[in-house]
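My questions will all concern the structure given below.
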Amino acid sequence: AQKVTQAQTEISVVEKEDVTLDCVYETRDTTYYLFWYKQPPSGELVFLIRRNSFDEQNEISGRYSWNFQKSTSSFNFTITASQVVDSAVYFCALIVNFGNEKLTFGTGTRLTIIP
Amino acid sequence: ETGVTQSPTHLIKTRGQQVTLRCSSQSGHNTVSWYQQALGQGPQFIFQYYREEENGRGNFPPRFSGLQFPNYSSELNVNALELDDSALYLCASSSRGPSGNTIYFGEGSWLTVV
(Lines give C-alpha, C1' and ligand atoms only; values in the text may rest on other atoms or scores of the structure.)
Protein backbone atom coordinates (compact mmCIF):
# COMPACT_ATOMS: atom_id res chain seq x y z
CA ALA A 1 0.00 0.00 0.00
CA GLN A 2 1.09 3.52 -0.63
CA LYS A 3 1.23 6.34 1.86
CA VAL A 4 1.99 10.05 1.73
CA THR A 5 2.84 11.99 4.87
CA GLN A 6 2.73 15.76 5.21
CA ALA A 7 3.75 16.30 8.80
CA GLN A 8 3.23 20.06 8.74
CA THR A 9 -0.44 20.70 9.31
CA GLU A 10 -0.25 24.49 9.25
CA ILE A 11 2.51 26.98 8.48
CA SER A 12 2.44 30.76 8.75
CA VAL A 13 5.16 33.00 7.41
CA VAL A 14 5.51 36.70 6.80
CA GLU A 15 5.31 37.83 3.21
CA LYS A 16 8.60 37.63 1.28
CA GLU A 17 9.98 34.89 3.50
CA ASP A 18 10.92 31.53 1.98
CA VAL A 19 8.96 28.48 3.07
CA THR A 20 9.42 24.74 2.53
CA LEU A 21 6.60 22.21 2.61
CA ASP A 22 7.65 18.67 3.41
CA CYS A 23 6.38 15.48 1.80
CA VAL A 24 7.46 11.93 2.59
CA TYR A 25 6.08 8.99 0.66
CA GLU A 26 6.03 5.22 1.00
CA THR A 27 5.74 2.70 -1.81
CA ARG A 28 7.27 -0.63 -2.75
CA ASP A 29 6.95 0.10 -6.45
CA THR A 30 10.02 1.19 -8.37
CA THR A 31 7.99 3.19 -10.87
CA TYR A 32 5.81 5.92 -9.46
CA TYR A 33 4.82 9.52 -9.94
CA LEU A 34 4.70 12.33 -7.43
CA PHE A 35 2.51 15.39 -7.62
CA TRP A 36 1.94 18.66 -5.83
CA TYR A 37 -1.42 20.41 -5.94
CA LYS A 38 -2.56 23.77 -4.56
CA GLN A 39 -6.08 24.12 -3.21
CA PRO A 40 -7.38 27.66 -2.71
CA PRO A 41 -10.58 28.26 -0.71
CA SER A 42 -12.67 27.77 -3.87
CA GLY A 43 -11.85 24.06 -3.69
CA GLU A 44 -10.30 23.39 -7.06
CA LEU A 45 -7.07 21.42 -6.98
CA VAL A 46 -4.53 23.28 -9.10
CA PHE A 47 -1.78 21.14 -10.61
CA LEU A 48 1.73 22.38 -9.82
CA ILE A 49 4.15 19.62 -10.79
CA ARG A 50 4.50 15.94 -11.70
CA ARG A 51 7.75 14.08 -11.21
CA ASN A 52 8.44 10.45 -12.12
CA SER A 53 10.61 8.17 -10.03
CA PHE A 54 13.40 8.05 -12.61
CA ASP A 55 13.96 11.77 -12.67
CA GLU A 56 15.66 13.03 -9.54
CA GLN A 57 16.62 16.39 -10.96
CA ASN A 58 15.39 19.29 -8.93
CA GLU A 59 13.05 21.63 -10.72
CA ILE A 60 12.54 25.35 -10.50
CA SER A 61 9.56 27.23 -11.88
CA GLY A 62 9.62 30.90 -11.04
CA ARG A 63 9.38 31.23 -7.26
CA TYR A 64 8.62 27.51 -6.88
CA SER A 65 11.20 24.76 -6.58
CA TRP A 66 11.03 21.07 -5.80
CA ASN A 67 13.63 18.78 -4.23
CA PHE A 68 13.12 15.09 -4.97
CA GLN A 69 15.33 12.67 -3.00
CA LYS A 70 14.69 8.97 -3.46
CA SER A 71 17.19 8.09 -0.73
CA THR A 72 14.94 9.69 1.87
CA SER A 73 11.63 9.18 -0.02
CA SER A 74 10.98 12.88 0.09
CA PHE A 75 9.60 15.39 -2.40
CA ASN A 76 9.76 18.81 -0.76
CA PHE A 77 8.36 22.04 -2.16
CA THR A 78 9.88 25.47 -1.57
CA ILE A 79 8.30 28.83 -2.25
CA THR A 80 10.81 31.67 -2.46
CA ALA A 81 9.82 35.22 -1.58
CA SER A 82 6.30 34.18 -0.58
CA GLN A 83 3.28 36.28 -1.52
CA VAL A 84 -0.19 36.55 -0.03
CA VAL A 85 -1.60 34.79 -3.13
CA ASP A 86 0.37 31.71 -2.11
CA SER A 87 -1.96 31.21 0.85
CA ALA A 88 -3.73 27.90 0.29
CA VAL A 89 -3.69 24.25 1.26
CA TYR A 90 -1.00 22.29 -0.54
CA PHE A 91 -1.24 18.56 -1.18
CA CYS A 92 1.45 16.09 -2.10
CA ALA A 93 0.20 12.96 -3.91
CA LEU A 94 1.48 9.69 -5.35
CA ILE A 95 0.54 7.37 -8.21
CA VAL A 96 2.22 4.00 -8.63
CA ASN A 97 0.61 2.89 -11.88
CA PHE A 98 -0.50 5.16 -14.68
CA GLY A 99 -2.77 2.43 -15.94
CA ASN A 100 -4.83 2.87 -12.80
CA GLU A 101 -4.50 6.50 -11.96
CA LYS A 102 -5.45 6.45 -8.33
CA LEU A 103 -3.86 9.35 -6.50
CA THR A 104 -2.93 8.78 -2.88
CA PHE A 105 -2.92 12.16 -1.14
CA GLY A 106 -1.31 13.42 2.01
CA THR A 107 -3.42 15.30 4.52
CA GLY A 108 -2.24 18.65 3.23
CA THR A 109 -0.40 21.65 4.64
CA ARG A 110 -2.31 24.89 5.16
CA LEU A 111 0.00 27.77 4.28
CA THR A 112 -0.84 31.28 5.43
CA ILE A 113 1.21 34.21 4.20
CA ILE A 114 0.94 37.18 6.54
CA PRO A 115 1.10 40.57 4.80
CA GLU B 1 -8.52 26.83 -16.24
CA THR B 2 -8.33 23.04 -16.31
CA GLY B 3 -11.16 22.32 -18.74
CA VAL B 4 -12.85 20.09 -16.16
CA THR B 5 -16.27 21.36 -15.12
CA GLN B 6 -18.50 20.06 -12.37
CA SER B 7 -22.11 20.65 -11.45
CA PRO B 8 -23.76 21.59 -9.25
CA THR B 9 -21.24 23.60 -7.27
CA HIS B 10 -23.20 23.48 -4.03
CA LEU B 11 -26.17 21.45 -2.89
CA ILE B 12 -27.97 20.44 0.26
CA LYS B 13 -29.70 17.09 0.63
CA THR B 14 -31.57 15.31 3.38
CA ARG B 15 -30.36 12.07 4.92
CA GLY B 16 -31.71 9.11 2.97
CA GLN B 17 -32.04 10.99 -0.31
CA GLN B 18 -30.10 10.32 -3.49
CA VAL B 19 -27.78 12.70 -5.33
CA THR B 20 -26.20 12.85 -8.79
CA LEU B 21 -23.08 14.90 -9.43
CA ARG B 22 -21.85 15.61 -12.93
CA CYS B 23 -18.46 16.14 -14.51
CA SER B 24 -17.40 17.21 -17.96
CA SER B 25 -13.86 16.09 -18.69
CA GLN B 26 -11.17 17.99 -20.48
CA SER B 27 -11.32 17.46 -24.23
CA GLY B 28 -9.40 14.36 -25.31
CA HIS B 29 -9.28 12.84 -21.84
CA ASN B 30 -10.60 9.28 -21.65
CA THR B 31 -10.11 8.63 -17.93
CA VAL B 32 -12.17 10.16 -15.16
CA SER B 33 -11.81 9.65 -11.42
CA TRP B 34 -13.90 10.79 -8.48
CA TYR B 35 -12.61 11.78 -5.08
CA GLN B 36 -14.28 12.62 -1.78
CA GLN B 37 -12.67 15.27 0.40
CA ALA B 38 -13.98 15.64 3.92
CA LEU B 39 -13.32 18.86 5.78
CA GLY B 40 -9.66 19.13 6.78
CA GLN B 41 -8.66 15.94 4.99
CA GLY B 42 -6.94 15.02 1.76
CA PRO B 43 -9.05 13.73 -1.14
CA GLN B 44 -9.92 10.03 -1.02
CA PHE B 45 -10.25 7.98 -4.21
CA ILE B 46 -13.78 6.72 -4.87
CA PHE B 47 -13.48 5.12 -8.31
CA GLN B 48 -12.20 5.58 -11.82
CA TYR B 49 -13.67 5.08 -15.28
CA TYR B 50 -11.74 4.38 -18.43
CA ARG B 51 -13.59 4.25 -21.73
CA GLU B 52 -16.93 3.81 -19.97
CA GLU B 53 -15.82 0.91 -17.77
CA GLU B 54 -15.10 1.08 -14.05
CA ASN B 55 -11.39 0.57 -13.63
CA GLY B 56 -10.47 0.71 -9.97
CA ARG B 57 -12.44 1.46 -6.82
CA GLY B 58 -11.49 2.76 -3.43
CA ASN B 59 -12.91 1.80 -0.07
CA PHE B 60 -16.44 3.10 -0.62
CA PRO B 61 -19.72 1.17 -0.29
CA PRO B 62 -21.82 0.15 -3.31
CA ARG B 63 -24.25 3.01 -2.74
CA PHE B 64 -21.55 5.10 -4.43
CA SER B 65 -21.86 4.38 -8.13
CA GLY B 66 -20.89 6.05 -11.36
CA LEU B 67 -21.15 6.25 -15.09
CA GLN B 68 -18.96 7.46 -17.89
CA PHE B 69 -20.57 8.39 -21.19
CA PRO B 70 -19.24 8.07 -24.76
CA ASN B 71 -18.26 11.73 -24.72
CA TYR B 72 -16.26 10.94 -21.56
CA SER B 73 -18.44 13.03 -19.29
CA SER B 74 -19.27 11.32 -16.03
CA GLU B 75 -21.74 11.06 -13.16
CA LEU B 76 -21.33 10.15 -9.52
CA ASN B 77 -24.44 8.81 -7.83
CA VAL B 78 -24.83 8.39 -4.10
CA ASN B 79 -27.87 6.61 -2.71
CA ALA B 80 -29.24 6.60 0.82
CA LEU B 81 -27.25 9.65 1.83
CA GLU B 82 -25.69 9.72 5.28
CA LEU B 83 -24.51 12.70 7.28
CA ASP B 84 -20.88 11.58 6.79
CA ASP B 85 -21.30 11.93 3.04
CA SER B 86 -21.07 15.69 3.53
CA ALA B 87 -17.90 16.62 1.67
CA LEU B 88 -16.35 18.18 -1.39
CA TYR B 89 -16.56 15.81 -4.36
CA LEU B 90 -13.85 16.28 -6.93
CA CYS B 91 -13.71 15.01 -10.47
CA ALA B 92 -10.37 14.47 -12.17
CA SER B 93 -9.64 13.76 -15.81
CA SER B 94 -6.57 12.55 -17.64
CA SER B 95 -5.52 10.81 -20.81
CA ARG B 96 -3.48 7.64 -20.61
CA GLY B 97 -0.21 7.47 -22.40
CA PRO B 98 3.07 5.56 -22.19
CA SER B 99 4.78 8.40 -20.41
CA GLY B 100 1.94 9.16 -18.11
CA ASN B 101 0.03 12.39 -18.02
CA THR B 102 -1.13 15.19 -15.85
CA ILE B 103 -4.32 14.79 -13.89
CA TYR B 104 -6.59 17.82 -13.86
CA PHE B 105 -9.31 18.51 -11.33
CA GLY B 106 -12.54 20.41 -11.48
CA GLU B 107 -13.67 22.91 -8.87
CA GLY B 108 -15.72 20.32 -7.08
CA SER B 109 -19.26 19.93 -5.81
CA TRP B 110 -19.87 20.82 -2.18
CA LEU B 111 -22.47 18.42 -0.76
CA THR B 112 -24.10 19.00 2.60
CA VAL B 113 -26.32 16.28 4.04
CA VAL B 114 -28.66 17.38 6.82
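The values are calculated or read from the model by the stated rules, or taken from the named source; none is laboratory data. Everything quoted here is computed from the prediction, not taken from an experiment. With ideal geometry, Cβ positions are generated from the backbone for all residues, glycine too; neighbour counts draw on all protein chains shown. Only protein heavy atoms, including side chains, enter the accessible area calculation; ligands, DNA and RNA are left aside. Shrake-Rupley method; radii C 1.70, N 1.55, O 1.52, S 1.80 Å.
Please list the equivalent ellipsoid semi-axes of chain A, computed as the square roots of five times the alpha-carbon gyration tensor eigenvalues, in descending order and whole angstrom.
On the way: eigenvalues 117, 43, 29 Å².
The three semi-axes for chain A are 24, 15, 12 Å.
Can you tell me the convex hull volume per residue for region A:19-78, based on C-alpha atoms, in Å³ to the nearest whole number? Can you show the working numbers first?
Details: hull volume 5.8 nm³, N = 60.
Roughly 97 Å³ of hull volume per residue.
For the protein assembly as shown, with only Lys/Arg (+1) and Asp/Glu (-1) charged at the beta-carbon, what is the dipole magnitude about the Cα centre, in debye rounded to 20?
Charge dipole, the protein assembly as shown, about its Cα centre: 320 debye, nearest 20.
Using a 1.4 angstrom probe on the protein heavy atoms only, could you order A:THR104, B:THR112 from most to least accessible area?
B:THR112, A:THR104
Continuing with this model, one more query. Please report how many Lys pairs in the protein assembly as shown have alpha carbons closer than 23 angstrom, counting only residues at least 8 apart along the chain or sitting on separate chains.
Close lysine pairs found across the protein assembly as shown: 7.
Over the protein assembly as shown, how many percent of alpha carbon pairs lie in each 5 Å bin up to the one with the longest distance?
Calculated over all Cα pairs of the protein assembly as shown, the distribution is 1, 7, 15, 18, 19, 17, 12, 7, 3, 1, 0 percent.
Just the Cα atoms of chain B: what Rg and Dmax do they give in Å?
Cα only, chain B: 13.4, 45 Å (Rg, Dmax).
If N is the number of residues in region B:1-47, what value comes out of its Cα radius of gyration divided by 2.2 N^0.38 Å?
1.34
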